[in-house]
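*Asks:* There's a structure below that I have some questions on.
The values are calculated or read from the model by the stated rules, or taken from the named source; none is laboratory data. Computed from a prediction, not measured in an experiment: that's the story for all the values here. Here the Cβ positions follow ideal geometry from the backbone for every residue, glycine too, while neighbour counts run over all protein chains shown. We work out accessible area using only protein heavy atoms, side chains counted, and drop any ligands, DNA or RNA first. Shrake-Rupley method; radii C 1.70, N 1.55, O 1.52, S 1.80 Å.
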Amino acid sequence: MTEQPRLIRTGRTMAMATLTSRVTGFLRTLALAAALGLGSRLLDAYTVANMTPNTIYELVLGGALAGVMVPMLIRAAAEPGVDSDLHAQRLLSAIVYVLGATVVLTVAAAPWIVDLYAPGFSPEQRDLAILLTRYFLPQILLYGLGAGMAAILNARGELSTPMWAPVANNIVVIATALGYILLGGGEELSALTPGQSLLLSLGTTAGVAVQMLVLAAALRRSGFPLRLRLNPRGIGLRRTARMAGWTLLYVIAAQAVFTVGTRLASGAGLYALVAHLLRVPELRTLVSALRPGAAAG
């Protein structure tokens, strides 16, 4: 019976965290639209650059982590003779090595990635999108570390902190958008100064970094030793690959559809914002109403 009040409190906290995350996420979208201009070429370039790290992360590792990491950690903790902390450290280390290499490769390939997602951009938009993408691509590693830390917390019974972490990200990006406005930034792509582009670049990536640091602080409080292991073997990569196979196929199919949609949207102004909003389930109805063809129909 003593577990029931704790579960009720945890459920309430998770519900509040989810609601707060959705509200601040919506405010984040409004703040960016207000700062960069709804349907502007500047917002198009920012949106394509901002969604690129998340898309690449999902393709490389995110789909596999989402489906199998928590069961793996729980199974390792239940097996006799297995050091669950060491197992989790090796898993986080593997994430660092795989996604760190991914960041290096994608930063070098940023021009081709932008061309893949947005072939309809003007030269000026393309140059800005490449610049922003290179600043945003380290988020791939931050996303992976955050997902790994959240899984470890969940396996340890800490369910609420991973749901509060995105709120910190949203707040940082909202502050970035407001700072951009205070610096005199507008929606004209040609008027963007190096300082304003640097603020957008660093502020957006800082939001993901703060989200990851919230999870890291929670792990430290739980007593988990954050340590990089040079040898990440022994985490059951083959078994993980088998478990994640179908999930990965689903992710690849979903990202292929998303890529096609983004390519079609890249020359249509408002469509790049629509592509961003499609990642928020609650806004799909709004997206349908905003589609340019809908008004003509």
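*Asks:* Answer yes if at least one residue in the range 116-139 is buried (at least 16 other Cβ atoms within 10 Å of the Cβ) and either touching a Leu at 6+ places or on another chain (Cβ under 6 Å) or without any contact (Cβ under 8 Å) to a residue 12 or more places away in the chain (or both), and no otherwise.
*Replies:* Checked against the condition, which is being buried (at least 16 other Cβ atoms within 10 Å of the Cβ) and either touching a Leu at 6+ places or on another chain (Cβ under 6 Å) or without any contact (Cβ under 8 Å) to a residue 12 or more places away in the chain (or both), the range 116-139 yields no hits at all.
*Asks:* Let me ask you something else. Is it true that some residue in the range 17-35 is more than 16 Å from Ala168 (Cα to Cα), open to solvent by 20 Å² or more (accessible area, probe 1.4 Å) and modelled with pLDDT under 85?
*Replies:* No, the range 17-35 contains no residue that is more than 16 Å from Ala168 (Cα to Cα), open to solvent by 20 Å² or more (accessible area, probe 1.4 Å) and modelled with pLDDT under 85.
*Asks:* Check whether at least one residue in the range 93-104 is in a helix (DSSP H, G or I), among the polar types (S, T, N, Q) and over 18 Å from the mean Cα position of the chain (by Cα), and report yes or no. Walk me through it before giving the result.
*Replies:* Just the residues of the range 93-104 that are in a helix (DSSP H, G or I), to begin with: 93-104.
Those left that are additionally among the polar types (S, T, N, Q): 93, 102.
Add one more test, that the residue is over 18 Å from the mean Cα position of the chain (by Cα), and what stays is 93.
Looking for residues that are in a helix (DSSP H, G or I), among the polar types (S, T, N, Q) and over 18 Å from the mean Cα position of the chain (by Cα), one finds at least one in the range 93-104, hence yes.
*Asks:* Failed condition for Gly223, given (1) in a loop (DSSP other than H, G, I, E, B); (2) over 15 Å from Tyr46 (Cα atoms); (3) touching a residue at least 24 places away in the same chain (Cβ under 8 Å), with all others met?
*Replies:* Of the numbered conditions (1) in a loop (DSSP other than H, G, I, E, B); (2) over 15 Å from Tyr46 (Cα atoms); (3) touching a residue at least 24 places away in the same chain (Cβ under 8 Å), the odd one out for Gly223 is (3).
*Asks:* Turning to a different aspect of this structure: Among the residues of the range 227-243, are any modelled with pLDDT of 90 or more, assigned to a helix (DSSP H, G or I) and either of a type in the set (Lys, Arg) or farther than 26 Å from Val98 by Cα (or both)?
*Replies:* Pass one, the range 227-243, residues modelled with pLDDT of 90 or more: none.
No, the range 227-243 contains no residue that is modelled with pLDDT of 90 or more, assigned to a helix (DSSP H, G or I) and either of a type in the set (Lys, Arg) or farther than 26 Å from Val98 by Cα (or both).
*Asks:* Are any of the residues in the range 37-58 aromatic (Phe, Trp, Tyr), surrounded by 17 or more Cβ atoms within 10 Å (Cβ to Cβ) and at pLDDT 75 or above?
*Replies:* There is at least one residue in the range 37-58 that is aromatic (Phe, Trp, Tyr), surrounded by 17 or more Cβ atoms within 10 Å (Cβ to Cβ) and at pLDDT 75 or above.
*Asks:* Something else now. Please go through (1) surrounded by fewer than 19 Cβ atoms within 10 Å (Cβ to Cβ); (2) under 21 Å from Thr18 (Cα atoms) for Leu198 and return the number of the only condition it doesn't satisfy.
*Replies:* (2)
*Asks:* Can you name every residue in the range 181-193 that is in a helix (DSSP H, G or I) and either open to solvent by less than 60 Å² (accessible area, probe 1.4 Å) or charged (D, E, K, R) (or both)? Walk me through how you get there before you give the answer.
*Replies:* The initial filter retains those residues of the range 181-193 that are in a helix (DSSP H, G or I), namely 181-182, 189-191.
Leu189 - this is the single residue of the range 181-193 that is in a helix (DSSP H, G or I) and either open to solvent by less than 60 Å² (accessible area, probe 1.4 Å) or charged (D, E, K, R) (or both).
*Asks:* Can you tell me which residue in the range 145-175 is most open to solvent (accessible area, probe 1.4 Å), limited to those that are of a type in the set (S, T, N, Q) and part of a helix (DSSP H, G or I)?
*Replies:* Residue satisfying both the conditions and the ranking: Asn154.
*Asks:* If a residue must be touching a helix residue (DSSP H, G or I) at 6+ places or on another chain (Cβ under 8 Å) and surrounded by fewer than 17 Cβ atoms within 10 Å (Cβ to Cβ), how many such residues does the range 217-233 contain?
*Replies:* Residues meeting the conditions: 8.
*Asks:* From the list Leu142, Leu199, Leu178, which one is in a helix (DSSP H, G or I), of a type in the set (A, V, I, L, M, F, W, C) and touching a Phe, Trp or Tyr at 6+ places or on another chain (Cβ under 7 Å)? Steps first, answer last, please.
*Replies:* Values: Leu142 fails: touching a Phe, Trp or Tyr at 6+ places or on another chain (Cβ under 7 Å); Leu178 fails: touching a Phe, Trp or Tyr at 6+ places or on another chain (Cβ under 7 Å).
Going through Leu142, Leu199, Leu178 in turn, the sole match is Leu199.
*Asks:* Can you tell which of Gly81, Gly67 is modelled with pLDDT under 85, open to solvent by 20 Å² or more (accessible area, probe 1.4 Å) and in a loop (DSSP other than H, G, I, E, B)?
*Replies:* On inspection, the qualifying residue turns out to be Gly81.
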